[in-house]
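Undergrad: I have a structure I would like to understand better, so I am pasting it below and will then ask my questions one at a time.
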Amino acid sequence: MSFEDKLQNAIANPQNMGEMTDADSVGTVGNPECGDMVRLWLKFDEKDGKKVINKASFQSFGCQTAIAVASMATEMLKGKTVEEARELKSTDLSEELGPLPPMKIHCGEMVEGALRDALKEDSDKEPPTQPSSVPGNTLLGDMNPAGKKSGKLKVIKLEE
Ligand code: FES
């Protein structure tokens, strides 16, 4: 199966897409080059004395590759310990798609970056407490904070 076919399959039914209101940790990464952003939410559990990811979700204002990799990553992360998740590289997260074309490598790296940010938050910062109704808690809210013009960043909704 070609990369394009695998990509189309993956984005036809993306998994775990959407904000997680009861997340323990959240990570966000943006790419100034292409203007895309990915946010990843994680929910942890305790298993055999280890912190384990039991749920992951994402929002993406990015290209199809970023959405596909984020979807695969959120599935892959379930059941992984924080230590195991920290070992994952973008190539692991996008493994099902096969090697990414050179122009798309940063799309996978962006998902890895959001994961790193979420895992960093786990140990270094307070968990997110804002209710989802507060502008800024969603990725779209951050990109278009209430009362502010969206500046240079233009949000384009993806076609269904
Ligand atoms: Fe920028 Fe894919 S995330 S083109």
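Undergrad: If I take every Cα pair under 8 Å that is 6 or more residues apart in the stretch 10-96, average their sequence separation and divide by the length, what percent do I get for the relative contact order?
TA: 28 percent
Undergrad: Counting only protein chains, not ligands or nucleic acids, how are Glu96, Glu19, Glu33, Glu4 ordered by accessible area (probe 1.4 Å), most first?
TA: Glu33, Glu96, Glu4, Glu19
Undergrad: Which number do you get for Rg(Cα) / (2.2 N^0.38 Å) in the stretch 1-89?
TA: 1.14
Undergrad: Alpha carbon centre of the stretch 62-90 versus the stretch 1-45: separation in Å?
TA: Measuring centre to centre over Cα atoms gives 8 Å.
Undergrad: Let me ask something additional. What is the sum of charges, Lys and Arg at +1 and Asp and Glu at -1, for the other residues whose Cβ falls under 13 Å from the Cβ of Lys6?
TA: Summing Lys/Arg as +1 and Asp/Glu as -1 gives -3.
Undergrad: Rounded to the nearest 10 Å², what accessible area does Met76 have for a 1.4 Å probe in the complete protein model?
TA: About 50 Å², ignoring ligands and nucleic acids.
Undergrad: Counting only the heavy atoms of the protein chains, how much of Lys78 is accessible to a 1.4 Å probe, in Å² to the nearest 10?
TA: Accessible area of Lys78: about 90 Å².
Undergrad: Still on this structure, I have one more. Please list 66-75, 103-112 highest first by mean number of surrounding beta-carbon atoms within 10 Å per residue.
TA: The packing order, highest mean first, is 66-75, 103-112.
The values are calculated or read from the model by the stated rules, or taken from the named source; none is laboratory data. These numbers were taken from a predicted model, which means no experiment stands behind them. Counting neighbours? That spans all protein chains shown, and the Cβs are built from the backbone with ideal geometry, glycine included. Keep in mind that these areas ignore ligands, DNA and RNA; they rest on the heavy atoms of the full protein, side chains included. Shrake-Rupley method; radii C 1.70, N 1.55, O 1.52, S 1.80 Å.
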